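Please read the structure below before turning to the comments.
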Amino acid sequence: MQDCIFCKIVAGEIPTEALWQDEHVFVFRDINPVAPVHLLIIPKKHIATVNDFGDDHSIAGAMVNAAAQVAKQLDISESGYRLVWNVNKGAGQEVFHVHAHLLAGRNLGWPPG
């Protein structure tokens, strides 16, 4: 999608450091972190929301796998991390290219929000 900031990041039009990537997923640091570790996990293919995965959940699985891989890489897999998926405006989704937030590096209380 032409005006999607995440598509521009995947295409290399907006430079950012890839912390992890494969043929389906790209992981990078959030520019407005809310935790010491705040990463964004995005599919390389433009998908607007989680609702748009349809019956094929392989991209969602690839995103979860990427989260686990980068958590191991950053040595936070044992201390704990949180994955957050905001779906649509009412839940706080600001960029309509599906993404998961990986949060870690501090005590993450419950309930959130």
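Read-outs throughout are calculated quantities, based only on the coordinates presented, and are distinct from any laboratory measurement. Because the structure is a prediction, the values reported are computed rather than measured. In this analysis, Cβ positions are derived from the backbone assuming ideal geometry, glycine residues included, and neighbour counts consider all displayed protein chains.
Evaluated at q = 0.21 Å⁻¹, the base-10 log of the normalised Debye intensity for the chain, with identical point scatterers placed on the Cα atoms, takes the values -1.26. Counting every alpha-carbon pair across segment 43-102, the share separated by more than 15 Å comes to 52%. For the chain, a simple Cβ point-charge model (Lys and Arg +1, Asp and Glu -1, everything else neutral) yields a dipole of about 280 debye relative to the Cα centre.
Couplings 3J(HN,Hα) for segment 68-82, derived from phi with the Karplus relation 6.51 cos²θ - 1.76 cosθ + 1.60 (θ = phi - 60°), are 5, 5, 6, 4, 5, 4, 8, 6, 10, 5, 7, 6, x, 8, 10 Hz, where x marks Gly and Pro. Remark: segment 21-62 carries a charge dipole of roughly 200 debye about the Cα centre, counting +1 on each Lys and Arg Cβ and -1 on each Asp and Glu Cβ.
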